[in-house]
Every structure is written in structure tokens, then in C-alpha cells.
1. Which one is nearest to Arg178 (Cα to Cα) among residues in region 112-123 that are surrounded by fewer than 17 Cβ atoms within 10 Å (Cβ to Cβ) and within 14 Å of the ligand (Cβ to nearest atom)?
2. Across region 151-173, which residue is farthest from Asn107 (Cα to Cα) among those that are within 14 Å of the ligand (Cβ to nearest atom), assigned to a strand (DSSP E or B) and of a type in the set (A, V, I, L, M)?
3. Between a first residue in region 131-148 that is part of a loop (DSSP other than H, G, I, E, B) and a second residue that is open to solvent by less than 80 Å² (accessible area, probe 1.4 Å), which pairs have beta carbons less than 7 Å apart while being 6 or more apart in sequence or on different chains?
4. Has region 662-671 got any residue that is over 28 Å from Lys617 (Cβ atoms) and touching an Asp or Glu at 6+ places or on another chain (Cβ under 9 Å)?
5. I'd like the residue in region 220-251 that is more than 16 Å from the ligand (Cβ to nearest atom) and within 31 Å of the chain's Cα centre (by Cα) and, out of all such residues, is farthest from Glu307 (Cα to Cα).
6. For Pro385, all conditions in the list (1) closer than 25 Å to Glu487 by Cα; (2) open to solvent by 30 Å² or more (accessible area, probe 1.4 Å); (3) more than 21 Å from the chain's Cα centre (by Cα); (4) touching a residue at least 12 places away in the same chain (Cβ under 8 Å) hold save one; what is the number of the exception?
7. Inside region 503-530, can you point out the residues that are among the basic types (Lys, Arg), surrounded by 11 or more Cβ atoms within 10 Å (Cβ to Cβ) and in a loop (DSSP other than H, G, I, E, B)?
8. Within region 21-51, work out how many residues are assigned to a helix (DSSP H, G or I) and either in contact with a Cys (Cβ under 7 Å, 6 or more places away or on another chain) or within 16 Å of the ligand (Cβ to nearest atom) (or both).
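The values are calculated or read from the model by the stated rules, or taken from the named source; none is laboratory data. In this text, all values refer to a predicted model and were calculated from it rather than measured experimentally. Positions of Cβ are backbone-derived with ideal geometry, glycine not excepted, and every protein chain shown enters the neighbour counts. Ligands, DNA and RNA are excluded from the accessible area calculation, which covers all protein heavy atoms including side chains. Shrake-Rupley method; radii C 1.70, N 1.55, O 1.52, S 1.80 Å.
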Amino acid sequence: MRKVVLIAMSMAAMVASAQNRQQQTEELPGLKETYAEYFMMGVAVNQRNVTDEEQQALVKREFNSITAENDMKPISVHPEEGKWTWEKADRIADFCRQNGIKLRGHNLMWHSQMCDWMFYDSKHNLVTKEVLFKRMKEHITTVVNRYKDIVYCWDVFNEAITDGPRRPAAMGPDQPLRESTFYKICGNDEFIRKAFEYAREADPKALLFYNDYNECDPVKCDRIYNMVKEMKAAGVPIDGIGMQGHYNIYGPSEADIEAALTKYAEIVDHIHITELDIRVNQEMGGQLRFSRNEGNAVTGDQRLLQEAQYAMLFRVLRKHADKVDCVTFWNLGDGDSWLGVDNNPLLFDKDYKRKNAYRVVSRFNPAIDNAVIKEDFVPSATCQPRQNYPQVNSQGYVRFRVEAPQARYVIASAGHGGGMGGTVLHRQDDGSWMGTTLIPEDEGFHYYTLSIDGATVIDPGTNSYYGGARWMGGVEVPAHDQAFYAERTDIEHGNVQKVLFPSKVNGDQLRPAYVYTPAGYGKDKKKRYPVLYLQHGWGENETTWPVQGKAGIIMDNLIADGKALPFIVVMTYGMTNDVVFGRPFDRNKISEDFGRVLVDELVPYIDSHFQTLADKKHRAMAGLSMGGMETHAITLARPDVFGSYGILSGGLYTPEELGGRKVDYIFISCGSKEYPDRVTTAVDALKAAGYNAEGYVSEGTAHEFLTWRRSLYQMAQKLFK
Ligand code: XIL
């Protein structure tokens, strides 16, 4: 007999889906192909990226536009008057020529990494603007001419606009220009106009861009917009705006990104995202001083926030694909990033493997992009009295809201659409946080918690449900077949009571169990009932089946409708075993630990305190997930105790392990999103071996409670008949 099995099927399923995800990620086409209908996909490269064979291959697979990270900047090609250093720039240009990849020229003029010699004379005094313009023209003309055949667009001027708040009206008009040496020499924006004119003269075909960071900040966006608009009106040849896109996991907001794209599109025909990365700290933009997050591991929350930010950004970009021509990542892998590897800012890790962020960007669903969410949200059935959130709409979208005015971020652990492990909430004007799942959730009950700045808490709007080895929040998406667990006023209800039974396994103590007795139980002292021992899953407890499982309600409805015989259901705490989620465990140990509690302590207690039919034929055991594995282990180890067996999303039986023993009824089930084929195959084999076995697959559900409510509903109709 196989001694060691994986603890819970949920775990096995999770491992399988992670592997699946990995494989699917590896099989995805390159970004340039994925986004072919939307925009070009570009990357900023260093010398290693275009010389190392593996990195070359990655660039070629994923991207159809390249920017030189540093090697075409003024200081790189023109360090001194009359001295030109082309080698590195040429290597990148040649790589593009050889591989048919387009080259974005970056950049012709910038206050940083500039040929500072242009600003000064031999005595280190600032030159006149005439001298500056002459030097600029020579530089621009030479560089543009050299790469004319391969560069399709140039960042002509980089970062000429200042950051910072708008000057108060009382102090006169806003001063939009950065106080650069260009500005000091000229006193106005003529140097920008000149740069564009020289570039256009040198190459009338190349698209000419003004490029800047913090370009979604409403104040800076206005300044960029006003400047470009005014210059274009005056005939300055500006074709496009480069939105650098040095973002972080907290911002910019969707609204600010959309507003900036929309404004820029009013005045230019070409918008490029030129330097995209999403760092894990709160800094943003192109400033050259920032924290590299050195030595800090990226937390799960940070990863999720980043994935959500990437997902949101690309959703917005796809929506505005008519305005956006090209999206360029600033560096290839995290190890190349100017922000430092520990900022984790890109889609490829330091080993150039695709990260989950890649998958989130790549595996989008155009139908979700265009989904219209109906505003008919109502409070979930799980809300506490007088609380209004979480809410659910008629399509199954879930909306979360929580008051956390001082929080930096809030994530709900529910909502797994788009390949992400949760839903990011956003700060509202009133200080609350709100978020809606990306796609409708499956019907039924879902556990969730909130992470508020990394502290895991229960949403104060919901009731508490035990799961995940702690109390959690829950949300209920009404199921189309919810009538079977509806709380009906037209029928008699049974009773769920808590009992405490003495136990000696693992030291003297009282152990809890909930006991469901059907309506009318106890009226006739002579009437005796069969008993189902029904177990919860890993991390759950004795309250799980009666509360989120609605076991008593389901039984009441079945019995009132004459579909099930009246029987007792006993639900006890099954985490007695020394089991750790995700670790292999010993099946024999279960039957020794929990098996002894159940069979040697609880069964006799129930038989002596309730009106039971105390024999094997009238005793069944079933469980969900880990409880299914307990059922499997205990029924096999103690063949004389239970007459019927049920495994719900917790494994299978084989004819071999049953070894020809007499079993009245075997029920095996799971959700259609679990492993339905294996259930069917196992049940067929049992039937072929002569067992009275039945399989059940819950349509449209996964490893969650609607699967198990439905399973109980099905199984209870067959037990003890
Ligand atoms: C960065 C490079 O990535 C770094 O290697 C270099 O040390 C500084 O410049 N805005 C720009 C880019 O337009 O050229 C900058 O690139 C990042 C900010």
C-alpha cells in the first residue's frame, strides 16, 4: 500500500495548476506577436543584451522595436568636441539591421548624460545661445544622418518640463520649464524648438518625439500638453509624445493614465510608451536618485500589486491602441534594470525567465477588456447586519469596500481573474478603498481576507467563517440552483447542537462536534436514526459544515421534500492529525490519530447520547478535501465501522484497496474545474468490480463550497436506502 500521500487534493490541484501555468507561460508566443494587432513591443538594450546569444534570442522572440538604453545618448557618442565614439551605438544599430528590428533613437538632447562641453567655452563660462545652437545642430545632424536608415523615430528632447506643484496664480504664470543649463543659456524654450527643427532637417522621414516622465501626473501632463500644443501651432515639427512610464506598484491611477493618453492624443498622432517599468517602492519617474530596494525580498503583496498594475496598464493601452504605436520596456530582465534587480520591475526575471507578470500582460482576454459591469450590486448574503459590503452583482462580479483612510494599499484575496491571486482595491475620494473582481466569480461561497498594508484581516463587513486555519471573511455569489440550500419558512427544521465529548487521544480533553438531528427528532423516544459522520477540509473546523456548508439546511429541505431519509449528521474537528498543508503525510497516522478519536471516542459517544441505529449498515463517513482523505484512510483501516463512504474533492477509491469488502454505497465527487475525468474513471472501475458506486461532478465550480453543498445534496438522497 502506498503509505505517503499528499495531504489535500486542493494542494495537488494547486501544484498542478501552478505547473500548468508555468508550461502555458513557456508556450506563449512572444509579446510582439501577442500584441501585433495593438502596438509594437520594444525593449531598451545594453551591450550584453545584443551580444549574449541567449539574450539576443529573447529580444528577437519578444520584441520588434529596440531603444539603446545609454549608448546613443549625447555623452556616449560625443564625449568631447570633435570626438565621436560610435562603437556601442553601431553595435545596437547593426543588431537591429541584421534582425529586422526597428530602432527608436534615444536621445538627441537631454540635460542629463549630455555633452556638457557644449554649454561652456574654454574658460568654463556659459556660451551664448548662438554657440549652443550651432553645437546642437552639428550633433543632431551627425547622429541622425548616421542612423537614418534604421532609426524610425527620435526622442529629440528629453525631460525639459519641471516637476513640482503648479505655481500659485497669485505669483504669476506657471513656469513649466526645468531650470537646466539649456534654460539658463536661453531664458526661454527656444532650445527645444531648435532641436526639433535640426532633427527634421536631418531626416524628414523620422518621427520626432518629445519624451518625459511623470507624464500622467495631472499638473505635469498639463505642462507637457500646453508646451507641445503651442509649439506645434507655431510650426515646430513635433510628431509624437513619449510617455516614459517609470511607474510603481501604487500608481499612477487608471484615471490619470487614461486622462493623459486622451489629452496627448488631442495634439499628436503618435504616442509611445518609451521606458516602461513598475518598481515595488513608492518612487516614480525618471529622476536618477531612487531606492534600489537592495537586499529586500519582494513580498507576495508587492508582486500582486505589480501584476495588477501591469494588467490595468495594458488593459488601458489596448483600449487606446488607436493612439499608442509602441510600448517599450526599460530593460530586458530584472537583472539589467537601472532600478536594481530587487525592485523587480520587469516581465523577465534576472535569469530572463517569464514572470507571472508576463503572463498577466500576455494572456489577456479581449472579451474582458470590453466587459460592461452592471451596476446592480447588492450586499452579499454573508454581510453582517447593517453592513453593505462585500457586494455581488447579477453577473457574479464581487465588489469590496473598506474604510482604511491611512492605508497604503488594500488587497482582497478573492478574485482570481486574469491570472492574479486577488483583487486590488483603490482609494476613493472619501478615504475608503474599493475594488471589483476582474471577472465574475464562480457561483457559491468563497473565503477571502483583506491585506491592509500587509496585515491580513477579516473584512469588517462580513460574517466570519473558519477556513485556512483561521477565521476568514466570505462572499456568496448566488447560485442558479440555490433553492436546495435556501432557508425555507414553509417546512419544519431540525436542530444543530454542539456537543463536547471526552477524548484521550493526545491527552485528556473535551472535543467539540456539531450534531444535526432532523425535524421531529426526539418526539418518539423509540425511533432510531442512521448517522453520517461528515468531515471538513484542511484548515477548517467543526463549524464549517453547519455554517458555510449549510449542512442542516440542505438536510431539512431534502427531508421535507421526501428526497432523503431522516438521519443524523455529526461534524467534528478533524485537524487532530499532525498534518501540515502541502507536506506529504502518513495515511496510517490519520487512522491512528483522528481515526481513534472518531471511531473509538466519538462514535460511542454519539451512540450513547443520541437515538442512533448503532451498526455499520446505518453509519456512513464522508468528507471534503482533507476530510475525504481522512474518510479514505479511516474507512480502509476500520472496515467494520462504516457501511457507506463519501469522498468530496478529496481523492478516489480503487477496487484493489477495497479488496472485495462489502460496502453499501460509495459516493465520489468533485467540481468540474477539479478532476472530473478521474472521478468518472474511478467510479466506472468500482462499478465494474461490482460496487454500488456513484460519481458526481458539480458544474462550473472548483475546490469550493458550492461543490460540497451540491455533493451533500446528491449523496444524502442515496444514503441508508
Ligand atoms: C537611464 C539608464 O537606464 C541608466 O543606465 C543611466 O545610468 C541613467 O539613465 N529617463 C530616460 C532614460 O530618458 O534615458 C534614463 O535611462 C532613465 C530615465
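1. Only one residue fits best here, namely Ser112.
2. Ile161
3. Here the result reads Lys148/Asp203, each pair linking region 131-148 to a residue that is open to solvent by less than 80 Å² (accessible area, probe 1.4 Å).
4. yes
5. The initial filter retains those residues of region 220-251 that are more than 16 Å from the ligand (Cβ to nearest atom), namely 221-223, 225-239, 249-251.
After this cut, where a residue has to be within 31 Å of the chain's Cα centre (by Cα) as well, the list is 221, 249-251.
Values: Cys221: 25, Ile249: 8, Tyr250: 11, Gly251: 12 Å.
Looking at the filtered set, the residue picked out is Cys221.
6. Exception for Pro385: condition (4).
7. Residues satisfying the conditions are Lys504, Lys527, Arg528.
8. Count: 4.
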